[in-house]
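> Quick one: the structure is below, and I'll ask about it shortly.
The values are calculated or read from the model by the stated rules, or taken from the named source; none is laboratory data. Please read these numbers as outputs of a predicted model, since none were measured by experiment. Cβ: placed from backbone, ideal geometry, glycine included. Neighbour counts: every protein chain shown. For the accessible areas, the whole protein counts, side chains as well, though only heavy atoms, and no ligand, DNA or RNA atoms are used. Shrake-Rupley method; radii C 1.70, N 1.55, O 1.52, S 1.80 Å.
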Amino acid sequence: MVTAAVAARGAGARAVAALRGGCRRAGRGRPRAGFARPLCTAPGTAPDSKRYLWERYQEAKRRTDDLVPSIMNNLLNPDAIFSNNEMSLSDIEIYGFDYDYTLVFYSKHLHTLIFNAARDLLINEHRYPAEIRKYEYDSNFAIRGLHYDVQRAVLMKIDAFHYIQLGTVYRGLSVVPDEEVIEMYEGSHVPLEQMSDFYGKSSHGNTMKQFMDIFSLPEMTLLSCVNEYFLKNNIDYEPVHLYKDVKDSIRDVHTKGIMYRAIEADIEKYICYAEQTRAVLAKLADHGKKMFLITNSPSSFVDKGMRYIVGKDWRDLFDVVIVQAEKPNFFNDKRRPFRKVNEKGVLLWDKIHKLQKGQIYKQGNLYEFLKLTGWRGSKVLYFGDHIYSDLADLTLKHGWRTGAIIPELRSELKIMNTEQYIQTMTWLQTLTGLLEQMQVHRDEESQLVLQEWKKERKEMREMNKSFFNAQFGSLFRTDQNPTYFLRRLSRFADIYMASLSCLLSYDVSHTFYPRRTPLQHELPAWSDRTSTFTAPLLQEAQAK
C-alpha cells in the first residue's frame, strides 16, 4: 500500500543522499562498480569517529526537519481507491456486492453485542465460570489479520514472510516477552505447515487460525479475555477446547439469529445510515450497469437493512439477489441448486430455469449462477470485505475482477497524514539509513554510538506501532515488512478502498493504474529521488 510512509522513506533517502553528497564533495572518490559505498569512512582515532558520527546525526536531524513541511503539503486522500492491478472500469459491465461491511456498515455497538452474547453462551451452554462476565468488549484491543496459535493460546501479528512481529504476541491480555516467543518458536519464524489453510482456518493439523473477518474482532477479544481469566486464576484448561468453544459461541450468535434479531429490533442503533450507498448504486444503474448481491446473511435481515439504507425499492436496483449463499462454498460446490424465497421468507421447491429480477434466491452455487446469467470473466467486478471468502476464489478460479472494502483504511490514512506520524516516520527512515551507512565504523566508541541509535530506532518503531493500535500496530505493516494480511489483499484484490462511497469520486470509465514502486535491486537508481505523484493526494481530491 502506498502511504505517507513512502514519502517519509523517500525523504529519509534524500537526507542520507545529501549527507553522502557532502562526503563526496569533501574529496572522497567514487565507489568501485558493483560495491555499495558507505556514507563516509572518516579516518582517524576513535574519539574523532565518535564526534564525526554525532555530527552526521545532528546534520541528518536538521535535514529531516526541513523535509517534513514539504511532505505535509502532499497528504494522502482517505477517500481514494488504491490499485494492485491495472483495471479499467470501462471494461466492467456487471457489479456484484457482498452485504455486511460492503453495502452496509455497522456501529461500534454491534461488536459489543456479539461479544456479550457469545460470552453468555459460553457461561450458559458451555458451563464456563460466571466470573468471565466481568470482562467487557474492548474495541481497541485487536485488529484484523492476526493469527492465533490454537495449541499455545497466543494471539500474534505475522508478516508477509511468516515472521512474528516481536512485541505483538499476547497470551490473554498480556504481552509475551520476546525471549519467551523466540524460545517457543525456536526463533520468530512460523513454518508454512503450521499456518492456517487457504481460507485462514485451523484444520488438517494446522495450529494457526487467521482472523480476516471484521466480525472476528469480538471473537479475538473474547478468546483473550477467557484465556486471561484462566491464567490469572491458575485454572488448568485445554487451549484447543477453549478455541473451539469460543468459535462455536460466536458462530451461534449468527446462526441462532441472536445478532439478526437484535439489529432488526433496533436498526438505527446498529446500522450506520449512509445515503452514499444508494448514491453509488443509483450512479451505476444510471450508466446501464447490471448489479447483483451475494451474501451469507438471511433474507428478512437483508431486506430490512436495505430498506433502511437504500429504500423500499432497493430490489429494483439489482438484477439478481442471493441470500444465505454460504460463501466460500458458494464459489466451489457445484451440487447445491438455487431455491426461491417468497415474500414471507418461505422456501419454494420450483426448479430454477432463470434468475429473475426482483426475486430473492437462497443457496445455489457460482457455476449454476454463471450458467443462468452468462456473466463471466473480467467484465464482472465483485466487492467484499473478506479477502478469502469473498475475493480469493473469484480472482483465482473464475477470472472476475475484485474490489476489497477495508474500513480500517480511512482511519489509518488519517493517522498517516498527521504531522507527528510524518515527523516520526521521516526520522525513522533517515536514522535507518544512517545505521546502514555508518556501520563500517567498527571501533568500540563508534559501536556504542550505533547501539544508542539502534535503541532510539527501536523506541521509534514502538511509537509508530502505537499510533495505530497499542498492542498490534497497523493492519498493513509490521516494523518494516507488509503484514500477512496485506500480502493476501495484494494477491486477491485488484483495487481496495475504505468504502463503496469512494466510487463516487471516479468516472465509470476511470482506469486504475498501480504505482510502480522500486524493487530492492532498483533502489540505487531511485533512492535519491522522491516522486510527489506516488498516490492519490488530498489536495487533488479537494481541487475537484
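> Conditions: (1) modelled with pLDDT under 90; (2) touching a helix residue (DSSP H, G or I) at 6+ places or on another chain (Cβ under 6 Å). W349 meets all but one. Number of the miss?
(2) is the only condition that W349 fails.
> Taking I387 as the residue in question, decide whether it is crowded, with 18+ Cβ neighbours inside 10 Å and either free of Cβ contacts under 8 Å to residues at least 24 places away in the same chain or under 21 Å from M291 (Cα atoms) (or both).
Judged against the criteria, I387 is a match.
> Sort out which residues of the range 124-167 are out of contact with any Lys or Arg (no Cβ under 8 Å at 6 or more places or on another chain), open to solvent by 20 Å² or more (accessible area, probe 1.4 Å) and not in a loop (DSSP other than H, G, I, E, B), and write them in order of number.
N124, A130, E131, K134, Y163
> Return a yes/no flag: does the range 421-439 have any residue that is within 25 Å of V280 (Cβ to Cβ), open to solvent by 40 Å² or more (accessible area, probe 1.4 Å) and over 22 Å from the mean Cα position of the chain (by Cα).
No, every residue in the range 421-439 fails to be within 25 Å of V280 (Cβ to Cβ), open to solvent by 40 Å² or more (accessible area, probe 1.4 Å) and over 22 Å from the mean Cα position of the chain (by Cα).
> Just wondering, is there one or more residues in the range 512-526 that are hydroxyl-bearing (S, T, Y) and part of a helix (DSSP H, G or I)?
no
> Another question about this same structure. If we scan the range 213-230, do we find a residue that is surrounded by 17 or more Cβ atoms within 10 Å (Cβ to Cβ), β-branched (V, I, T) and over 28 Å from F485 (Cα atoms)?
No - not one qualifying residue is present in the range 213-230.
> While we're on this one: Could you tell me which residue of the range 311-338 is modelled with the lowest pLDDT, considering only residues that are in contact with a helix residue (DSSP H, G or I) (Cβ under 7 Å, 6 or more places away or on another chain) and over 27 Å from K256 (Cβ atoms)?
Step by step, filter the range 311-338, then rank; the result is K334.
> Next question. Which one is farthest from M460 (Cα to Cα) among residues in the range 475-489 that are open to solvent by 10 Å² or more (accessible area, probe 1.4 Å) and in a loop (DSSP other than H, G, I, E, B)?
Applying the filter and picking the extreme gives N481.
> Another question about this same structure. Can you name the number of the only condition in (1) under 30 Å from S196 (Cα atoms); (2) open to solvent by 60 Å² or more (accessible area, probe 1.4 Å) that D507 fails?
(1)
> Ok, one more. Looking at the structure I just gave you, is K283 surrounded by fewer than 17 Cβ atoms within 10 Å (Cβ to Cβ) and assigned to a helix (DSSP H, G or I)?
Yes, satisfied.
> Additional query: Quick one: which residue in N417, N365, N342 is open to solvent by less than 70 Å² (accessible area, probe 1.4 Å) and under 28 Å from L76 (Cα atoms)?
Being open to solvent by less than 70 Å² (accessible area, probe 1.4 Å) and under 28 Å from L76 (Cα atoms) holds for just one of N417, N365, N342, which is N417.
> Answer yes if at least one residue in the range 73-89 is touching a helix residue (DSSP H, G or I) at 6+ places or on another chain (Cβ under 6 Å), part of a helix (DSSP H, G or I) and buried (at least 21 other Cβ atoms within 10 Å of the Cβ), and no otherwise.
Scanning the range 73-89, I find no residue that is touching a helix residue (DSSP H, G or I) at 6+ places or on another chain (Cβ under 6 Å), part of a helix (DSSP H, G or I) and buried (at least 21 other Cβ atoms within 10 Å of the Cβ), so the answer is no.
> I'm trying to understand the selection: among the residues of the range 66-102, which are among the acidic types (D, E) and in contact (Cβ under 8 Å) with a residue 24 or more places away in the chain?
D79, E86, D91, E93, D98, D100
> Here's a follow-up. Which condition number in (1) of a type in the set (S, T, Y); (2) crowded, with 18+ Cβ neighbours inside 10 Å; (3) modelled with pLDDT of 90 or more is the one that T373 fails?
(2)
> From (1) small (G, A, S); (2) open to solvent by 20 Å² or more (accessible area, probe 1.4 Å); (3) in a helix (DSSP H, G or I), pick out the condition that doesn't hold for G305.
With respect to (1) small (G, A, S); (2) open to solvent by 20 Å² or more (accessible area, probe 1.4 Å); (3) in a helix (DSSP H, G or I), G305 is out only on (2).
> Within the range 93-120, can you find the residues that are of a type outside the set (A, V, I, L, M) and over 23 Å from D248 (Cα atoms)?
E93, Y95, G96, F97, D98, T102, F105, S107
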